[in-house]
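Colleague: Quick one: structure below, then a few questions.
The values are calculated or read from the model by the stated rules, or taken from the named source; none is laboratory data. The shown structure was predicted, so the numbers you read here are calculated from the model rather than taken from an experiment. Glycine also receives a Cβ, built like all others from the backbone with ideal geometry; neighbour counts cover every protein chain displayed.
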Amino acid sequence: MFRSFLIYVVALSMVGSCFAQSGTKGGVFVPRKAGAALNINAPVPGERPLAAASGYDVTSLKSGSPKPGLREHQSTFDGQVYSFATAAEKKAFDANPAAFAPVLSGMSVVGWVDFKVMRPGQPAHATVHDNRLYLFTDATEKAVFAQAPAKYENADLLLGGVSPVALVDQEKVVMGSKDHEAICEGWRVRFANAKEKTAFLADLGKYYPTFAGADPVALSTGQVMMGDPKNAFIYKNRLYLFATQENADRFRAEFKNFSDLDVAEGGTCPVSRVEQGIMQPGKYGISTIHLGRRLLFASEDHRRRFLADPIKYLPEEKKKPLIP
């Protein structure tokens, strides 16, 4: 039963970033001991590159005339940097980013649906279906999609359309509505009503499912298995989903081995690293989610500085190449 797994643990608020953020102080992150089961720096479902569409102009990709973007014409949407060939194309994007942003942040939906692998799609293998832009790793994947687009067109629907807010607040599996939808971390997130959508955007850390809903216990063995909303668990204000009851029980019994796989930079504050040159532990209650990973901060002021200029505080390997 759902209630058997959705257990509230008293903790201070975790914070995410999509369109709104908020946060309070919480416990200090304790680095994992050597030899632990999980590698907190390993790729996980939901991770995304900083440069959208490999730096290509997504408005041109959607029109069928691919053009590389330019550094002087850039916008940020959903944590990624979009580049455009001209100011006019940037203006068109800014007026309605969701109409041009590629599905699943440009990751191949064929790779995700068929193999549960997040592979960046390439501008050379783009297509438009139902007025949405898709990118594929190669011509083969593009052809596979063309043969059965209905199989893949909802690959970016978080939790299969289940409202994460109802999952947390009501302990119920409630389907969201297309009329109440937001794009967050590359996923389309649906809600039962406008109130739920507002709540989600105001507290992403509380409602956004860890690993985009992938089972953390399965991830510890190298498997990507999407969790079942009926097997949900809340720990330190983070929502986890599990593919099986057995995995949910194991998480509850061994949560220290599984709970921090999504935490980036070993749980240290990226602002302290850049501005002070020190590896200072961040706090669970002062965090955000950026490019698929959870970042912890030493103070609310550190978090504010990051949100004002995320690129400044990213590791160098995350910044390159921003423009081809």
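Colleague: Restricting to the range 47-78, count the residues that are without any contact (Cβ under 8 Å) to a residue 24 or more places away in the chain and under 24 Å from Glu317 (Cβ atoms).
Modeller: Final tally of qualifying residues: 3.
Colleague: Restricting attention to the range 63-81, and to residues there that are over 20 Å from the mean Cα position of the chain (by Cα) and part of a strand (DSSP E or B), which single residue is farthest from Ala308 (Cα to Cα)?
Modeller: Pro68
Colleague: Taking Ala182 as the residue in question, decide whether it is crowded, with 18+ Cβ neighbours inside 10 Å and not in a helix (DSSP H, G or I).
Modeller: For Ala182, the condition - crowded, with 18+ Cβ neighbours inside 10 Å and not in a helix (DSSP H, G or I) - is met.
Colleague: Further question: Could you grab the pairs with beta carbons closer than 6 Å, sequence gap of 6+ or different chains, first residue in the range 138-166 and within 20 Å of Asp228 (Cα to Cα), second one among the small types (Gly, Ala, Ser) and crowded, with 16+ Cβ neighbours inside 10 Å?
Modeller: Leu159/Gly213; Gly161/Gly176; Ser163/Gly176; Ser163/Ala192; Val165/Ala199; Ala166/Ala192
Colleague: Now for a different question. Can you name the residue in the range 286-319 that is among the charged types (D, E, K, R) and surrounded by 15 or more Cβ atoms within 10 Å (Cβ to Cβ) and, of all such residues, is farthest from Ser54 (Cα to Cα)?
Modeller: Looking at residues that are among the charged types (D, E, K, R) and surrounded by 15 or more Cβ atoms within 10 Å (Cβ to Cβ), I get Glu300.
So that you can scan it fast, the table gives a plain yes or no per residue for (1) aromatic (Phe, Trp, Tyr); (2) modelled with pLDDT under 90; (3) in contact with a strand residue (DSSP E or B) (Cβ under 6 Å, 6 or more places away or on another chain):
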site	(1), (2), (3)
Pro229	no, no, yes
Lys236	no, yes, yes
Phe242	yes, no, yes
Arg250	no, no, no
Phe258	yes, yes, no
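Colleague: Sticking with this one: Tell me, please, whether a residue that is under 17 Å from Met118 (Cβ atoms), in contact with a Cys (Cβ under 6 Å, 6 or more places away or on another chain) and not polar (S, T, N, Q) can be found in the range 148-167.
Modeller: Within the range 148-167, not a single residue is under 17 Å from Met118 (Cβ atoms), in contact with a Cys (Cβ under 6 Å, 6 or more places away or on another chain) and not polar (S, T, N, Q).
Colleague: Looking at the range 82-156, what helices (runs of 4 or more DSSP H) fall wholly within it and have at least 1 residues that are over 18 Å from Ser60 (Cα atoms) and under 17 Å from the mean Cα position of the chain (by Cα)?
Modeller: Fully inside the range 82-156 and qualifying: 109-115.
Colleague: Can you tell me which of Val109, Val58, Val15 is at pLDDT below 95 and either within 30 Å of Ser299 (Cβ to Cβ) or of a type outside the set (Gly, Ala, Ser) (or both)?
Modeller: None of the other options fit; the residue is Val15.
Colleague: Exactly one condition in (1) more than 26 Å from Glu153 (Cβ to Cβ); (2) of a type in the set (Asp, Glu); (3) crowded, with 17+ Cβ neighbours inside 10 Å is false for Glu254; which is it?
Modeller: (3)
Colleague: Give the residue that is surrounded by the most Cβ atoms within 10 Å (Cβ to Cβ), with candidates limited to residues of the range 121-159 that are polar (S, T, N, Q) and closer than 24 Å to Ala182 by Cα.
Modeller: Thr127
Colleague: Can you tell which of Ala192, Ala182, Ala218 is modelled with pLDDT of 95 or more and within 23 Å of Leu291 (Cα to Cα)?
Modeller: Ala182
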